[in-house]
Amino acid sequence: MPFGCVTLGDKKDYNQPSEVTDRYDLGQVIKTEEFCEIFRAKEKTTGKLYTCKKFLKRDGRKVRKAAKNEIIILKIAAVGRATGREVFDWILDQGYYSEKDTSNVIRQVLEAVAYLHSLKIVHRNLKVGGGGWEHPSVLVCPPPQCSQPLHWQLENLVYYNRLKNSKIVISDFHLAKLENGLIKEPCGTPEYLAPEVVGRQRYGRPVDCWAIGVIMYILLSGNPPFYEEADEDDYENHDKNLFRKILAGDYEFDPPYWDDISQAAKELVTRLMEVEQDQRITAEEAIS
């Protein structure tokens, strides 16, 4: 198990409101999602802070399916609370990520994902970019010290607290899935989709490794590997052109962004972003 991982499978999910309120003091709602509300929560006996996810019943079967999937993945409905935005602001104050610091982040993410994959859990939505908020989180790893221009927020790789030496957590498991045979339904964020997802093939754990390759590319260069400019309302053609590039593995290590990046780092990006999923390096292999 990688450093700092919360053990899955031993915690309980709560079905009755009294089971939660007897044990936890619930604070304000910090986020509302499609199927749930997320609260701050403090355990009465220890004072420990958690994030509590309350699933809403109004949408019936869809809510039950979403709740069941996420509880199966996390095995908990109250998890450690991560306040990512302020910590990332501290990183932005430094302004940069170096290759060494990127390596520290990617190695820890690989260790966490290798642990998930050992449990046959596919995250399916690892990414950077977007707004910060307080995240329900499970897996943690040390943060970097930066020294390359960075213009992306770590969206579901978020900082656990406001301290400089805060850990990073992998969060947002609502698209995660147990891999019982290959998966067929496509999901994720377009710029991070693996070719097998774009091509409507069956897929599995290698999609997470592809996404880590995209993240590593962004952290090292400050740019996405696959990018397609489009008119403001021409999203359909934008996605078609973007997906065409992903299917072909059509990206470059463009100067000047990659001029000072080592060949070893480029090779790891290339192996993580191998178009053929059965030839793509695994998280476990990438660590060794």
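The values are calculated or read from the model by the stated rules, or taken from the named source; none is laboratory data. Owing to the predicted nature of the structure, the values given are computational and were not obtained by experimental measurement. Positions of Cβ are backbone-derived with ideal geometry, glycine not excepted, and every protein chain shown enters the neighbour counts.
Inspection of segment 213-221 identifies no residue that is assigned to a loop (DSSP other than H, G, I, E, B) and modelled with pLDDT of 95 or more.
Listed here are the residues, each with its yes/no results for (1) free of Cβ contacts under 8 Å to residues at least 12 places away in the same chain; (2) touching a Leu at 6+ places or on another chain (Cβ under 9 Å).
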| site | (1), (2) |
| --- | --- |
| Gly213 | no, yes |
| Lys240 | yes, no |
| Gly249 | no, no |
| Asp254 | no, no |
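For segment 24-51: of the residues being among the charged types (D, E, K, R) and exposed (fewer than 14 other Cβ atoms within 10 Å of the Cβ), which is farthest from Asp172 (Cα to Cα)? Among those residues, the one meeting the criterion is Lys44. The residues listed here are Glu267, Glu196; of these, the one that is more than 20 Å from Ala176 (Cβ to Cβ) and assigned by TED's automatic domain parsing to the domain that holds Glu99 is Glu267.
Scan segment 234-288 for residues that are acidic (Asp, Glu), part of a loop (DSSP other than H, G, I, E, B) and more than 21 Å from Arg107 (Cα to Cα) and report the count.
Here is the first cut: in segment 234-288, the ones acidic (Asp, Glu) are 234, 236, 239, 250, 252, 254, 259-260, 267, 274, 276, 278, 284-285.
So of that shortlist, the ones also part of a loop (DSSP other than H, G, I, E, B) come out as 234, 250, 252, 254, 259-260, 274, 276.
Pick out the ones that are also more than 21 Å from Arg107 (Cα to Cα) and you get 234, 250, 252, 254, 259, 276.
So the count comes out to 6.
Leu193 - would you say it is modelled with pLDDT of 85 or more and under 17 Å from Pro224 (Cα atoms)? Against the criterion (modelled with pLDDT of 85 or more and under 17 Å from Pro224 (Cα atoms)), Leu193 qualifies. Looking only at segment 169-204, residues that are among the acidic types (Asp, Glu) and closer than 9 Å to Asn125 by Cα come to 1 in all.
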